[in-house]
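The block underneath contains the structure these notes are about, expressed in structure tokens.
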Amino acid sequence: MTQVTIERITYEEIHPFWEKLWPGRDDIKPMSSMTGLDPGVLEETDQSIYALYEPVFFGATFFDERANQNMIIGVNSGHPTSKYRFRSRGLWVHPRAAGNGIGQALLRATCQYAQLRQFEVVWTFPRDKALKTYEAVGFKPVGEMIESEAYIRNGTMIRSENWHAENELNDSVSEKIV
């Protein structure tokens, strides 16, 4: 496979890929307020998560010589949910690029970003089929699979079962992601 680079991208660049991840979802926002399982969320204030924190977006890109431009083949994002906890959200890799470590590289970038800003834990709700990718980067399931994602798709409530997984950022993680 051609050289893939992980770089910061914008919400406008990630949004079309999230439409593939959550097809028909009526309201895709830069950050998720779905923080019910994060015990530290908004612990110090009553403000909304959108007023407190800024998200970061990552894209896995490669240079397509035929198109003569960089192409995004994978995405992920993250945002704080409390002073010590950071959420990874929206991991998507193009199906033809799956199995090449791109998902892991995007997760490492997210974890490294959080660790450099002194967050202690990165948490997420991966789908069952993606759990192995998360585990390869140091995430561990916390408890049983749960119904954790609910959103409106074309006027209908969609619910899915996901894992609640966490990655405690410490020195051993730092060695993996640098």
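K83: which lysines have alpha carbons under 22 Å from its alpha carbon, excluding same-chain residues fewer than 8 sequence positions away?
K29, K140
Once you have the Kirkwood Rh of segment 50-146 from its Cα pairs, apply Stokes-Einstein at 20 °C and 1.002 mPa s and quote D in µm²/s.
150 µm²/s
If we count every other residue with Cβ under 12 angstrom of Q118's Cβ, Lys/Arg +1 and Asp/Glu -1, where does the sum land?
With Lys, Arg at +1 and Asp, Glu at -1, the net is +2.
Can you tally the net charge around A165? Count Lys and Arg as +1, Asp and Glu as -1, for every other residue whose Cβ sits under 10 Å from the Cβ of A165.
Details: positive: K140; negative: E135, E166.
Charge balance in the 10 Å sphere: -1.
How much of D27 can a 1.4 Å solvent probe reach, expressed as accessible area in Å² and rounded to 10?
In the full protein context, D27 sits at about 90 Å².
The values are calculated or read from the model by the stated rules, or taken from the named source; none is laboratory data. In this text, all values refer to a predicted model and were calculated from it rather than measured experimentally. Don't worry about glycine lacking a Cβ; one is built from the backbone with ideal geometry, like all the others, and counts go over all protein chains shown. Accessible surface is based on the protein model in full, side chains and every heavy atom, while ligands, DNA and RNA are left aside. Shrake-Rupley method; radii C 1.70, N 1.55, O 1.52, S 1.80 Å.
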